[in-house]
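Peer 1: Structure in structure tokens, see below.
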Ligand SMILES: [Zn+2]
């Protein structure tokens, strides 16, 4: 599974910059970054190198940080590709908490999904013909 | 089951009559024998004979802690030295000590009050009572001791300290009831466990009578579980007597006031007007039988409420609820009295958040705005915004239900809220001066 770095942030000016600086100071590269925010707080979600180390460094710096397992599925370049994936999950009663799309260096795109499914879900998807992205295709694993 | 059944289950009408008579006696004792009271009553234009009904008591002036300090040492004694049997004093950490005298009859009544609590936890002359309150000027040790003697218990006066020996005696002598402060009870329990015992199973102990300091519900549960006992909360203060003013029966829903010895009023701490039974306010006590130091309308600064519904234990004396805090800690928010302890109670009942919190008050338009800041526990799945929002909503709903006013819950980053070993600063008041 792909491990995503998640960081809790108060919705205050400069907090996102502070968070990114903490990751950068640890010498860790960020490949993709998304923020879900509400009026009060935000959750920073990043695909970065050595995510476990990144989370540990963030915690040491006083942040509420953790790694979250997510699934990466390569997007078919045809209409309805994403719909097929979501329908497949829905039919198996798997909830998708959130999702976003990242493009890799080779120009291809990957859907990142946070689901309430377990580890076996990846194998189920692969068996059904979905192209699962491996972590090392996205970041340096630790 | 009861220590003094004829008094403890006295029909309420008779009890009211007794209280009326005794309030009159207290007012006379105060007016005739204590120049301070005479001057106070005269200034307020009231005399003891003006008292005919409970409402009349409201015309009499209050007594506050500072009056007792100012009267140091003998200014509030209504009896000459030859009639005084013992002196107790409260610590003078925040100023002059307050000295309180007791006649032999006062001490007897005190023992009776505490002995009623021993009966509430199933004690009898057959019981062994270990008193691990400190003995001395502090009223805990000798107060509990007098209760044990009144009941006819075997009293072990271990006092506080030397905890390993306490545990050894508790085990070897077969202590049935332990009396001490809640924090010391927990320390004794932990020491016993460290020594390799399981006091809940290995020891005979079946009850504990604990008081003299605040204790959260969590701590009560922990003490009860570790020692395997019925927990009896005892209320008392040295100015009024000592432990035994009110004690918690086995129904565990409030503390029965010894209403034949004390008359309790609950007042709005702001307006000093009486509040209806069941509403929270400051406890004001008038002593009914004390000879040496009669107190008229003593403002305790303790916040509680009257529970007037009949108790299943059969005692007719009304109850006070577990203390909610001190009036000094009270906040007035949008006209509602709120205690930080109420907020703490809600927060500690949520395992998703750590027990540190902060209350930030500000003015928004004409209204107070209340923000309660909390931090999630490290394991909380904060990655999902939905779960954070859900937690916020549940906390806000629970707080609103408890406080009767709406508050904003804000989840903050860890370490935003200062940790402190001693008293944490829980309230930050940024309200405009006129709104405080
Ligand atoms: Zn009762």
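Readers should treat all values here as calculations from the given coordinates under stated rules, not as data from a laboratory. The structure displayed is predicted, hence computed values, not measured ones. Quick reminder, even Gly has a Cβ in these numbers, built from the backbone with ideal geometry, and neighbours come from all protein chains shown.
Peer 1: In nm, what is the difference between 0.36 nm times the number of residues separating residue B:360 and residue B:64 and their Cα-Cα distance?
Peer 2: Gain on stretching residue B:360 to residue B:64: 103.5 nm.
Peer 1: Out of B:150, B:71, B:44, any idea which swings most in a Gaussian network model of chain B, alpha carbons joined below 10 Å?
Peer 2: B:44
Peer 1: If I stretch the segment between residue B:54 and residue B:126 completely, what's the gain in nm (0.36 nm per residue apart, minus their alpha carbon distance), one decimal? Each step should come with its number before you reach the end.
Peer 2: Values: separation 72, 0.36 × 72 = 25.92 nm, distance 4.04 nm.
Stretched out fully, the residue B:54 to residue B:126 stretch lengthens by 21.9 nm.
Peer 1: Follow-up question, since we're still on this one. Taking 0.36 nm per intervening residue step and subtracting the Cα-Cα distance, what contour gain separates residue A:126 from residue A:12 on full extension? Walk me through the intermediate numbers first.
Peer 2: Values: separation 114, 0.36 × 114 = 41.04 nm, distance 4.11 nm.
Working it through step by step, the gained length comes to 36.9 nm.
Peer 1: Shifting gears a bit: Which one of A:120, A:84, A:36 has the biggest mean-square fluctuation once chain A is modelled by GNM with Cα springs under 10 Å?
Peer 2: The residue with the greatest mean-square fluctuation here is A:120.
Peer 1: Here's something else I'd like to know. Once you keep just the Cα pairs under 8 angstrom separated by 6 or more residues, what percentage relative contact order results for chain A?
Peer 2: 28 percent
Peer 1: OK, next. Once you sort the root eigenvalues of the Cα gyration tensor of the range B:75-174 as a ≥ b ≥ c, which label holds: rounded (a/c under 1.5), prolate (a/b larger than b/c) or oblate (the other case)?
Peer 2: oblate
Peer 1: Using a Förster radius of 35 Å, what is the FRET efficiency between residue B:387 and residue A:24 based on their Cβ-Cβ separation? Nearest 0.05, please.
Peer 2: Approximately 0.75, to the nearest 0.05.
Peer 1: With n ≥ 4 as the cut-off for DSSP H runs, can you work out [θ] at 222 nm for chain B, using -39500 (n - 2.57) per run divided by the number of residues, rounded to the nearest 500?
Peer 2: About -9500 deg cm²/dmol.
Peer 1: Under a 10 Å cutoff between Cα atoms, tell me which one of B:319, B:65, B:425 has the largest fluctuation in the Gaussian network model of chain B.
Peer 2: In this elastic network of chain B, the residue with the biggest mean-square fluctuation among B:319, B:65, B:425 is B:425.
Peer 1: Another question, if that's okay. Just tell me how shielded A:31-41 is by partners: mean number of partner chain Cβ atoms within 10 Å of each residue's Cβ, no decimals.
Peer 2: Averaged over the peptide's residues, the number is 3.
Peer 1: Kindly put B:135, B:231 in sequence by how many other C-beta atoms sit within 10 Å of each C-beta, fewest to most.
Peer 2: B:135, B:231
Peer 1: Right, something else. Only Cα pairs under 8 Å and at least 6 apart count here; give the relative contact order of the range A:2-67 as a rounded whole percent.
Peer 2: The normalised contact order for the range A:2-67 reaches 45 percent.
Peer 1: How would you classify the range B:1-328 from its alpha-carbon gyration tensor, with a ≥ b ≥ c the square roots of the eigenvalues: rounded for a/c under 1.5, else prolate if a/b is greater than b/c, otherwise oblate?
Peer 2: prolate
Peer 1: Sticking with this one: Expressed as an acute angle from 0 to 90° and rounded to the nearest 10, what is the orientation of the C-alpha long axis of helix A:51-60 relative to the principal long axis of chain A?
Peer 2: Result, in degrees: 30.
Peer 1: At residue B:394 and residue A:95, where each label point lies 7 Å from the Cα along Cα→Cβ, what is the point-to-point distance in nanometres?
Peer 2: Each label point is offset 7 Å from its Cα along the Cβ direction, giving 1.2 nm.
Peer 1: Percent relative contact order of the range A:70-138, based on C-alpha pairs within less than 8 angstrom and at least six residues apart?
Peer 2: 42 percent
Peer 1: Between residue B:190 and residue B:87, what is the label-to-label distance in nm when each label sits 7 Å out along the Cα-to-Cβ direction?
Peer 2: 3.7 nm
Peer 1: Once you place label points 7 Å from the Cα toward the Cβ at residue B:321 and residue A:104, how far apart are they in nm?
Peer 2: 6.2 nm
Peer 1: For helix A:81-91, what angle does its Cα long axis make with the longest principal axis of chain A, in degrees from 0 to 90 and rounded to 10?
Peer 2: The answer is roughly 80 degrees.
Peer 1: At a Förster radius of 41 Å, what calculated FRET efficiency corresponds to the Cβ-Cβ distance of residue A:142 and residue B:218, to the nearest 0.05?
Peer 2: E(calc), rounded to 0.05, equals 0.55.
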